[in-house]
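I have placed the structure first, in the form of structure tokens, so that the comments after it can refer back to it.
The values are calculated or read from the model by the stated rules, or taken from the named source; none is laboratory data. Since the model is a prediction, treat every value here as computed from it, not as a measurement. No Cβ is skipped: glycine too gets one built from the backbone with ideal geometry, and neighbour counts run over all protein chains shown. Each accessible area value is taken on the protein alone, full model and side chains, heavy atoms only, with ligands, DNA and RNA left out. Shrake-Rupley method; radii C 1.70, N 1.55, O 1.52, S 1.80 Å.
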Amino acid sequence: ITGTIAGLLITLVFTFLFLFNKERYESFFLKLYKDEEPAKVKTIVNKITTVAQKYLTGRVMSILTLATLYSIGLLIVGIKNAVLLAGIAALLTVVP
């Protein structure tokens, strides 16, 4: 379980860092596709960035919503450490 959670967190961190350093990988793709029109490459990179940002935002909202609902349900049932279990269960929903 720890390996799975660590892998998921590392994936999210790398995705965030790629979005944060967009200029660096944009210049990489411009060098990689130097035969193509630079405006076209920049447009595609911007579209990819937008999709990735929306995906991360949606994933975080989904995890927070599920964690809240799981917490409420487990607290109603009376399980000890309900919030911790709810958080772990919500994080594991990333795995298909």
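Quick check for me: using +1 on Lys/Arg Cβ and -1 on Asp/Glu Cβ, what's the dipole size of the chain about its Cα centre, in debye to the nearest 20?
It works out to roughly 60 debye.
Per residue, the accessible area of segment 33-96 comes to 74 Å² when a 1.4 Å probe rolls over the protein heavy atoms.
Could you work out the Rg to Rh ratio of segment 17-96, with Rh taken as the Kirkwood radius (inverse of the mean 1/r over all Cα pairs)?
Checking Rg against Rh, the ratio lands at 1.29.
Of all lysines in the structure, those lying under 23 Å Cα to Cα from Lys34, and not within fewer than 8 positions of it along the same chain, are Lys22, Lys42, Lys47.
Carbon and sulfur atoms: what percent of the 1.4 Å accessible area of the chain do they account for? On the chain, the fraction of accessible area on carbon and sulfur atoms equals 71 percent. Distance between the pseudo-spin-label points of Phe28 and Thr50 (7 Å out from Cα toward the beta carbon): 2.3 nm. Using the rule -39500 (n - 2.57) for each DSSP H run of four or more residues, divided by the residues of the chain, the 222 nm mean residue ellipticity is -28500 deg cm²/dmol. Computed about the Cα centre, the dipole magnitude for segment 1-45 is approximately 60 debye when only Lys and Arg (+1) and Asp and Glu (-1) carry charge, each at its Cβ.
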